[in-house]
Every structure is written in structure tokens, then in C-alpha cells.
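Asker: Questions regarding the structure given below will be posed in turn.
The values are calculated or read from the model by the stated rules, or taken from the named source; none is laboratory data. The shown structure was predicted, so the numbers you read here are calculated from the model rather than taken from an experiment. Using ideal geometry, Cβ is built from the backbone for each residue, glycine included, and neighbour counts are taken over all protein chains shown. Only protein heavy atoms, including side chains, enter the accessible area calculation; ligands, DNA and RNA are left aside. Shrake-Rupley method; radii C 1.70, N 1.55, O 1.52, S 1.80 Å.
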Amino acid sequence: MLRKICKDIAQCIWDAASWFFSWLARLIPRDIPQCILSSRNRQPKGSRTHTSAVHLTNIDHHVPPDHIALNIGEERTAVEHVIRSDSRTSPLVSDGPEIHADDNYVVIHPFVRSAFTAGQTIYFPEVYSDPVEKFKAEFRDRLHDLTTHMAGMSQFTDQPELVSFLQFVCSGLSRLGILELPNIELNSEGPRRIQASLAISCQASLDLFEKLCPVATPDIRAWPPMDETMAHSVTELIDHQTETIMLFCELFNILAKRYAGSARHTQLSKLVSVDTRFATIWNLESTSGSTSRFVLWRYREPRQAIHTATEPSRAQKSLYSFSVITSKESVWLGCNHDGFELCSFSNYIKARQSSGRLSNREKAALLQSLLTFGLLEDVVQRTIPEYLLLEKGPTGDLVMTTCNLYSIIHEWVESILALKGSDIEAYRRRSNDTWVTLCTACAKLGVDVVNAHGPFREAGLSPEDITAIARTIGVIGEAVTAASNVLDIPDRIPLNWTLTEWDREMVVDGWCPSMVTKLSRSTSSLEYASLLKPFIPGGPERDSHSRCTEKVCMMNTIDTSMYSNQHVTETCRCKYSKPSVDDVLTTLSNNQIPLITLGNAHCHGDGPMQLLCTTSDSVQGYVAISHVWSDGLGSTTEAGLPTCQVRRLASLVYQLVPGGAFWLDALCIPAQQDMRDRAIGLMARTYQEADVVLVLDSGIQSCSVQAPLKERLVRIVTSGWMQRMWTLQEALLAKNLTFKFADGITLMGEILSSCTGLTYDPAVQFLLKESQQLTGLFVREQVFKFGNVSCALQFRTTSKPRDETLAIAGLFDVDAYELTQTAPAERMRTLLLRIRDIPSDVLFLEGPKLSGPGFKWAPASFMLSAGGGVNLAKCDAICTEEGLLATRSAIRFDQTTLRSGEPWWLRGLEDYTYLISAGPALGEYTCNAFLPRDKWIVGSMILAVAVLIKDEVNGADDPDSRLACEYVGHVFLSPTRFGTDDIGGGIIAVQETRALNLCIT
């Protein structure tokens, strides 16, 4: 009896809980989907909601019993919008005894904790302030529903031609969301074009329905004789098509809601009509004067004035994707900042220093407050209250946060730009004062914060706390420095807010040293990446990055003799599929690009698939797949690939182009050397002519397409694909570059456009700049080619260094096939001669050089080059057989032999004396001139090239005459104001400084 009572009580509790959640679901507005629970980097089934991700953790020391803490971090706004707004009417969220509204934690009530699991990630819909992005998210969700629903029509037929037709229609719809929707705002015809594409797809779905449906009316009494099973199938088919039409109409409504009244776009059609003989099934009205054309959708004016699609304001754009500059929390040492009048950076400590003797802790606290609150107040010229940069941490102690930094900087930039328009002199004074303060603060970070005898060390702080404080200061400093780029500040010098200790910490955490070096050029990017788990190909049990260096990642460098392909699953043992080798060889011999299509795409099982070799003339577009061999997709035409991989590739390709034609090196490049050379010669054309280039990388695919924007950018920038040599050309030549994430395909242009409103987030801007190396916009302009390519190659590697020139030749319109017929040692020289017009800044690239006559200045490899970099905006030199013809400013002096380890000084540049430093590789060297970089400033460090001008030529006044000079090496000139009597070593006196026409050998 007691057991039955307990069972009844349990059932009542269960029923009450079910009713409660149903009631709660009705409270959530339709335009804010309910939160979706998912394991990390995996999209929830049936959901396409654009979301942010936050992690669930147990924090037993301050969370009430049976509660679970939701660490919301930078996504606080989204969580509060979706959950906190409902907490007044439900026990979904509660505050523990030490949890406050401004904490980074939300505590889940025990009544619903069974819905969550510690260690999982919960996705919340992003709350878009930009109406365009809100429209795209809604449209894409419904389009995904339609595509998924239509794919289900294959259950009603086993005819291959009808299944292929259905696949063709679904492919077009998928392509619409991936490739067309992101650019809808860029073209006045964008909305009208998408409406027309939807209408065509709807007509195609009706045509297919007519071929499948044996009846012409929903009235069962009018149906021809059929058995019960057949009748049930017909009923399901009609219901399926009814749902399809409803989804199409919803898409037309979403599109019209946004663009029907747009003044910037071509007017949408007011109605969509279709040809069908089944109009009675859906009660469609006929168009005027037609017996076969019926109105599927008609635009209806809203009761209120329709919103017109105007350009979002800067304020709206700045709110998109949660404008939060991220940094780890750092301990607050307790300086009393509030309650004092606004003062300058130089007077900040004096204004807060008491008359008594300060303890070491108080000195450190004052320095921390100076480099955070004091720096910001001096720059923005208003008080910054403590609550904007301080909050309670998990233990209840105050910690520093940068969550409000973006809004502070945004307000400051807007105000100072307004000042520029009203009082130019005041604007210049403010700009100059800002720069002086930033330079002073940056110097203090390096000298006072991390110094072994600085205030923080003497205060007894742990190294971890000192590093955390320095990181917060660095993020604030870099954010303000990056925002100050809008100011007119002459003679800016780079400010480095990053410290080497941070690099080592990330390497210990599992990041590749080369990627840490790459990210360390931006403090904020390094700080954000340190919050993410590094991706290790093959899993954490693999030998990590122990063999990697600061320059090269060895994880993606393979040994071809030990190479093996990967199956989609570890347990799969399917057979290999490959195209006809003869067909591929014949296509290549005709100088055509071999493409792959599936001859038996609808067959299932472990047997090989029929892969047909065709050409671009025979297909309606194709996808070129870009990947890295370390992910297991490397092979040759003769060997082929596991059938499971071919099926996976085909399913992805069908989302991008109708017909599913694709190019993949593993299937389209044979092992036969002469034909392999021809395929390499066609590589540039292959990627240029592809409708879509699809990037497959295991690191990128470990990330959800719904992850925060910065996380997606970090995964792309630090991916193995981004580190490989061949993939640079494949990205730059792409018409449409797309990435496969864990749960969807995204166009690169859409990711970049999402960064538009985040102008003052230095992490986003750095990652954006790195990602823009993949856009290929500069390839269409010769002047940008060389600089961008040389810079982009500096962090890339290859298993075959001799192929470097082959991998980039197409970017310079140089025939790669010609280079395959050239000895590897001569390829770089040949490439430079074919390019001809290059930047003279190539002289300042560090790394190995060529040794042949006339080419001692030339880099032997761009991948091994570093240092000075190349001017991206000009090609002011000519590469010839005799040498590099360039006009450069020269500092001339008597021929002198310098020796490494001996101090040498350059005297005669105004009031400064310069210490001459050279790398150890030079040893003893002879020169009689230095060629400084452009825009060098007297009194600052100068990077220069030492040269030996050999002879004066006749007709020196002739503008076409040139001085022959031999390249020697790089030197650094460091300024001092010491007199010549105060220094030891050799002294070189400057004879003249002027521009010279040179032939550098």
C-alpha cells in the first residue's frame, strides 16, 4: 500500500513538472527560441538557431546544495535576456547566498537541474541589435527547416532520376543560405534575386510532387482504386507537400517583412504564382486570365507602416555579437579609486597618496589603479567609477574585468571625433596627450609591473597574480592604443603590450609555440585564445607540440612513407573508391581540369562508389576542396579514398552546387610524375574557376558554427589549414571561400562582415586582419600581390620545401608548369624574374638568401623569412638578371670593415650618434652605405641594409644610370645623445644622405 502511494506521488510530481515546462515554454516569445543544450561543438539536433555558447560547471564552494552554476562569462547579456527575464515567474534561476547580479555565474534551481549536466555547453540565441543579422538568422532557420523537410520526399520514390532531381532542388536551397543570403545587402537586386530563386525551387517541388502523386484531388472518394497501403502513402505525400508549401510561404513572408518597403533595393514581386494541376488541394486562386497559373503567395500590407531596410546605425552595429573585450579576471589590490577629482595620468598617484609612509602592498595597489583607471580617465577625460572595471569573483573578492571596456572606448572615440569637427586645435592637443599617456603607461608595464624588484614583487604577490594583473593592463592598453588609430598622431611607433611570460603559459597549456608567437602580436587575441582549449589533431593523447618551434608547427608535417588514410569512424573498414585513372590522365593531357561526379550516389553499402571523371564544360559548377593531408584525406588517383569519406564529401558538395561535381587532389592528381606536373600547372585555374572552395580542417570542424565570433576566428587563424603552404593559393583564388564547421558550412565573407561593428575590439580587429589574408581581394591588383603573399607565408610550412614556388606561382600569373620543369634550386630565381615588379622592401626580409650572381638580396624562401616585412602597397623595384633595380635613400660613408662584438658608432645624423648592431651571421663585413627603411625618423631606431657601392658610373646625372652595389646584410641603428668623447669603439662619419638609383646584386 505504501509503495503504491509513493508511486502515485511520484507520478503526480512528474505530471506537474511536465505541465510546468509546457507552461514555461509558452511564456518564451516566439522570436527567442528556448535555450538548447548540447555537448561542446555539436549542434543540437533540429536546431539552426544562431547562438552563443557558455559552459556549465559545478562550483561547490559557493553554490547552494543541489544547485548548478552556469558560468556565463562574456555572454552575460544573452543569458540574462533568455533566462533572467523569466526568473520572476519560474524557479529556473536563483541566486545563491554569495551570488550577485553582476557576477559571471547564474545558479540553476534544483527543480530543473536534471535538465543540465556539468561539463556540457549550453547555447543561447544571440540577441541581434542589427536588424539585418536578425533577419538572416530567422530566414536561415526556416530555410534549413524547408531543406530538411524536402529531403524527406525521397521516401516516396526509388526512381534514381527523381531522387537526383530532388537532390538538385535541395542543393539549390542550401546554396541559397550559404552563398546568396550573406550578400543580400550588398546588391540592390539581392532580395529580389532570392525571392525569384525561392519561386523557382517551389515550382520544382510542385513538379516533382505531380510526378509522384497519382491523384488530383484530396477527396478520397474521387481517387482511383488502390490498396490501403498505397492510399496511406498518397495521404502522407499530400500532407508532406502541404507542409512544403507552407514553409515556402513563410520564407516569402520573412523576406517581405524585411525588404518589401526597402528604398535601397529593387521592389519584390507582390505575388508568386506557380503552374500546377493540384491547385484544388491547397485552394489556390487562379491568376487573372489563366486556367493553369495559380497564386501561391501574395504580399499583404501590414496594418502598421512597414519597416524600411535602411543602413544600421554605427551604434546598432557596435552592439552586434556582444561587444565585450575579453580578459581573464585579475585580483584587485584594494586601491581606493572613487571619491577623487579627475586628474591627469602624471598626477594620479600624487592625488591619492597619503602623507604617511606607504606599505609595499599600497604602492602596488596604487600602480595597478594608475595603469587601469588612471590610464582610462586621462584618455577619455571623464571619471570611470569602480563598478565599471570591478566585480565580485567566485570567492566574493573584488576582481578586475574588461566587460565594460568596449563601451567606454566607443563613447570616447565618438566624443573625440565630434571634437575634431568643432575645435581642431583642442582635438590635436587631446590626440597628442593621449599618445604621450599611452607611451608612458606602456613603458611602466614593462619596467614597473614585471620587474624583479618592482612594486608587485616587493608586495609579495605570487607570479600568477602579477601575470594576471599585467594581462589586464595589457588588454586595456592595447584596446585604447588600437582605438587611437582614428586620431591624427604623427610619428607613431608600435607599442607592445604583450609579455613573454604569457607565451610560455599558453605553451604549457598545450598551444603550439608557433601559434602563440603568431597570436602574441595582439595582447587581446592572445588573452582570448588562452581561454579556449587548444585543438590537438588526433586527440590529446597524441604527442602534442613537443617538436614544434616558435616558427614551425610540426604536427601537420607528415611522413609520406608512414601515411595512411582515415575513415569517417575508427571502426569503419569500407573499401576504397577511385575514378578511372585513364580518364584522369586523358583529361590532364588535354590541359583540362578533371572533376569527379558520383555515378551511383544513391546506392548504399560498403562497396566502392562509381566515381566518374568529367570536365567543367559538362557540369553546372563545381566545388574545389581545400584540406591538409594530416587530416587523412591525402592520396592519389591510383589509390583513391575510403568510400565512407567519398560519401561524406559528396553530401557536403551537394549543399553547395547542384550536381555535386568536385575536385580533390587525392582523386584528381595522379602519381605519374609528368601528369602530376600538369595537374600542378592547372592548380591556379582549378581554384579560380571553382564556384566554391570548401575548407575541411579538423581544428575548424571542432568548433560550432554557432560559437562566438572570436572563437570561430581563432579556430580559423590557428588551424592546421592556415599553417600549410599550398592552402594559401587555394584560399586567395577562391570566388566563394567556405568553411566546414562542426554543424554547418559558413561563407568566409559572412564571418568577416560580422566584424564590421566591432571596430574597437582589438582581438577582433587583429583576427580580422589575419583572416583577410584569405580573401584574395588584393590578387586583382598587382601592387598588392607580393607584399601580401610574402607576409602570409611567414607562418606556413610544407613537407616538401622545394614546392614553395609551385604553390604560389599562380598568384603572380606565373606558369607553375614551367617551374616544375626547372631545377628546384633555380625556381625562386625564375619566379622573381617572371614577377619582375616587386617592392624594394624585399631587401628587409630576414632569413636565408639566394647565392647566385645578382641575387644575394633575394629570399631563398618566404616561409623562412621574418623581421622587417614588405610594404603591401607598392612595387617600386624591378628584378632583372643583373640585380634589383631600385631607388632608395642611402646614408653614405667611407668604406669600413666592421667586426661582430666590437662597438661601432655612426655619427653625423643631426644631434644623434647611432650604435651599429648586426646579427651574428654577418661576423666581419665591409660596407660603405646603409639603406634605411622608408619613413625612418631621426632619433628613433632604424632598420637598414648594409651595402657596398662598388663604383660610380659615368653620367651620374642621367636618371637612367645606376650605381652597382653589393648586398651585405641587415643592421640596426640605435640612437643615443652621448658625445663622441663618452663612448668607446670605432666611429663612422656620415658623408651624405640622399636618394640613389641602384642596381643591388
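Asker: Ignoring any ligand, DNA or RNA, what whole percent of the accessible area of the stretch 820-868 comes from carbon and sulfur when the probe is 1.4 angstrom? Present the calculation step by step, with values, prior to reporting the outcome.
Answerer: Numbers: 940 of 1810 Å².
C and S atoms contribute 52 percent here.
Asker: Tell me, what % of the accessible area of the stretch 320-427 is carbon and sulfur with a 1.4 angstrom probe?
Answerer: Numbers: 2300 of 4670 Å².
Accessible surface attributable to carbon and sulfur in the stretch 320-427 totals 49 percent.
Asker: Compute the accessible area per residue over the stretch 714-847, keeping the other protein chains in place, probe 1.4 Å, unit Å².
Answerer: Spelled out: the 1.4 Å probe surface of the stretch 714-847, per residue, equals 30 Å².
Asker: A further question on this structure: At residue 210 and residue 197, where each label point lies 7 Å from the Cα along Cα→Cβ, what is the point-to-point distance in nanometres?
Answerer: 2.5 nm
Asker: By accessible area of protein heavy atoms, probe 1.4 Å, what ranking do 412, 282, 629 get, highest first?
Answerer: Details: 412 5, 282 35, 629 75 Å².
Order by accessible area, largest first: 629, 282, 412.
Asker: Show me, for the stretch 164-174, the HN-Hα J-couplings you get by feeding each phi into the Karplus relation (A = 6.51, B = -1.76, C = 1.60, θ = phi - 60°), rounded to Hz, glycine and proline as x.
Answerer: 5, 4, 4, 4, 4, 5, 5, 4, x, 5, 4
Asker: How do 264, 994 rank by accessible surface area computed with a 1.4 Å probe, from largest to smallest?
Answerer: Solvent-accessible surface, decreasing: 994, 264.
Asker: Give the long-range amide H neighbours of residue 273: residues separated by 5 or more places, or on another chain, with amide H under 5 Å away, using H modelled in the peptide plane at 1.01 Å from N.
Answerer: Those lying under 5 Å, H to H, from residue 273 are 296.
Asker: Could you sort 156-167, 839-850 so that the peptide with the highest average Cβ count within 10 Å comes first and the rest follow in order?
Answerer: Result, highest mean Cβ count within 10 Å first: 839-850, 156-167.
Asker: Taking every pair of alpha-carbon atoms in the stretch 587-680, give the share separated by more than 24 Å as a whole percent. Walk me through the intermediate numbers first.
Answerer: Working: 737 of 4371 pairs.
I get 17 percent for the Cα pairs in the stretch 587-680 exceeding 24 Å.
Asker: Quote the FRET efficiency, to the nearest 0.05, computed for residue 287 versus residue 591 with a Förster distance R0 of 35 Å and r equal to the Cβ-Cβ distance.
Answerer: According to the calculation, E is roughly 0.10.
Asker: Just add up the charged neighbours of residue 803: K/R +1, D/E -1, any other residue whose Cβ is under 13 Å from the Cβ of residue 803.
Answerer: Charge balance in the 13 Å sphere: +3.
Asker: Under the Karplus relation 6.51 cos²θ - 1.76 cosθ + 1.60, θ = phi - 60°, what is the ordered set of whole-Hz ³J(HN,Hα) values for the stretch 885-892, x standing for Gly and Pro?
Answerer: 3J(HN,Hα) across the stretch 885-892, in whole Hz: 8, 8, 10, 10, 5, 10, 9, 9.
Asker: Here's a follow-up. Do any trypsin sites (Lys or Arg not before Pro) in the stretch 347-409 lie in a DSSP loop with no more than 13 other beta carbon atoms within 10 Å, and if so, which?
Answerer: Those satisfying the criteria are 357, 382.
Asker: Please find the FRET efficiency linking residue 573 to residue 266, where r is the Cβ-Cβ separation and R0 is fixed at 60 Å, and quote it to the nearest 0.05.
Answerer: Between residue 573 and residue 266 the formula returns 0.65.
Asker: Rounded to whole Hz and in sequence order, give me ³J(HN,Hα) for the stretch 835-841 from the Karplus expression 6.51 cos²θ - 1.76 cosθ + 1.60, θ = phi - 60°, writing x for Gly and Pro.
Answerer: For the stretch 835-841, the Karplus-derived couplings read 5, 6, 8, 9, x, 5, 5 Hz, x marking Gly and Pro.
Asker: Please give the net charge around residue 179, taking every other residue with its beta carbon less than 11 angstrom from that of residue 179, where Lys and Arg add +1 and Asp and Glu add -1.
Answerer: Once all neighbours under 11 Å are counted, the net charge is -1.
Asker: May I pose another question? Show the residues, 5+ positions off or on another chain, whose built amide H is closer than 5 Å to the amide H of residue 877.
Answerer: The answer is 838, 840.
Asker: Given a 1.4 Å probe and heavy atoms of the protein chains only, how would you sort 505, 228, 527, largest accessible area at the top? Working shown, then result.
Answerer: Working: 505 70, 228 155, 527 5 Å².
So, going from the largest accessible area down, we get 228, 505, 527.
Asker: So who's got an amide H within less than 5 Å of the one on residue 213, skipping anything under 5 residues away but keeping other chains? H placed 1.01 Å off N, in plane.
Answerer: Residues meeting the criterion, in which the H sits 1.01 Å from N, do not exist here.
Asker: What FRET efficiency comes out for the pair residue 340/residue 411, r = Cβ-Cβ distance, R0 = 22 Å, nearest 0.05?
Answerer: About 0.55, to the nearest 0.05.
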